[in-house]
Amino acid sequence: MTKEKDYNLLSGLTLAYVGDAIYETYIRDYLVRSGHTRPNQLHRMATNYVSAKGQHYLIEKMMETDMLSEEELKVYKRGRNAKSHTSAKNTSVFVYRSSTGFEALMGYLHLTGQKMRMEELITWCIKEIGEKTNE
């Protein structure tokens, strides 16, 4: 028998580890279902959504528009403030940490079974990046 887990006890980096995979899977699924099938094209398009810069942009927009609950904001900050032993590639430490917070939020929503809320945010992210890339 498995014990019920308290995902509030997980580190921000652990939540981000799961969130990174979950979010990227949703993005890949969206791109393929949208009719994109060429691997190079898929990779390039996915980068708009899953890069540190893209995730930083999205979480900043979410906070600007007060989209996140207090609980979600706390999880984001826990991920953002986590001390990672890996360094940012092609971006600032600030942007990298912000994207880690974004991924922690996705991981938290997934692990706590808040699938509808997670999908609501991911759908918003897809729309937001689509509008940004079409500007």
Dipole-positive endmost among Y26, Q41, M67 within the chain (Cβ charges, Cα centre):
Q41
Given points 7 Å out from each Cα along the Cα-Cβ axis, report the T47 to S92 separation in nanometres with one decimal.
2.1
Could you tell me the number of lysine pairs in the chain with C-alpha atoms less than 23 Å from each other, where the two lysines are 8 or more residues apart or belong to different chains?
23
For R38, what is the net charge nearby, where nearby means another residue's Cβ is under 14 Å from its Cβ and Lys, Arg count +1, Asp, Glu -1?
+2
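So what's the net charge close to L13: Lys and Arg +1, Asp and Glu -1, counting the other residues with Cβ under 13 Å from its Cβ?
With Lys, Arg at +1 and Asp, Glu at -1, the net is +2.
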To two decimal places, what compactness ratio does segment 11-128 give when its Cα radius of gyration is scaled by 2.2 N^0.38 Å?
1.01
Expected 222 nm ellipticity per residue - DSSP helices of 4 or more, -39500 (n - 2.57), all of the chain, to 500
-24000 deg cm²/dmol
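Where a number appears in this text, it was derived from the coordinates with a stated rule and is not lab data. Small disclaimer: the values here were computed from a predicted structure and weren't measured. No Cβ is skipped: glycine too gets one built from the backbone with ideal geometry, and neighbour counts run over all protein chains shown.
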